[in-house]
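The values are calculated or read from the model by the stated rules, or taken from the named source; none is laboratory data. Keep in mind that what you see is a predicted model, and the values were worked out from it rather than measured. Positions of Cβ are backbone-derived with ideal geometry, glycine not excepted, and every protein chain shown enters the neighbour counts. Please note that ligands, DNA and RNA were not included when accessible areas were found on the heavy atoms of the full protein model with its side chains. Shrake-Rupley method; radii C 1.70, N 1.55, O 1.52, S 1.80 Å.
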Amino acid sequence: AVLKKRLVKLVVNFLFYFRTDEAEPIGALLLEHCRITKEEENVFSISFIEEPERKYCFECASEEQCQEWVEALRRASYEFMRRSLIFYRNEIQKMTGKDPLEQFGISEEARFQLGTRKQ
């Protein structure tokens, strides 16, 4: 394992990484089908279900910073956002009696079928 100093930036469900002296990213990790694991006090890792032997480790300046990154990365996946949308949609519907997505013309059948498509 080679330790390299990188700057990282989370944009929706992509974690971009940069060399410390460059403005353009040198790569990105798509945070889907991955596992975020707290390894040590200031260290967490990202591994992917399709490639479990490949692990990206990140060391933070503090325990608090590490915990913040772990939580943010776990919330970054499409699947997490989808589950959150379904949960909050149902809560709003219980409170108001109205479907909050109805005003956008999203039909009941098409709403949350993305994850269940058969091939």
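The table for this structure:
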| read-out | value |
| --- | --- |
| Complete set of residues in the stretch 46-58 that are open to solvent by less than 70 Å² (accessible area, probe 1.4 Å) and either hydrophobic (A, V, I, L, M, F, W, C) or under 13 Å from the mean Cα position of the chain (by Cα) (or both) | 46, 47, 48, 58 |
| Residue in the stretch 64-74 that is more than 16 Å from residue 10 (Cβ to Cβ) and not hydrophobic (A, V, I, L, M, F, W, C) present | yes |
| Of the criteria (1) exposed (fewer than 12 other Cβ atoms within 10 Å of the Cβ); (2) closer than 16 Å to residue 79 by Cα; (3) in contact (Cβ under 8 Å) with a residue 24 or more places away in the chain, which one residue 41 fails | (2) |
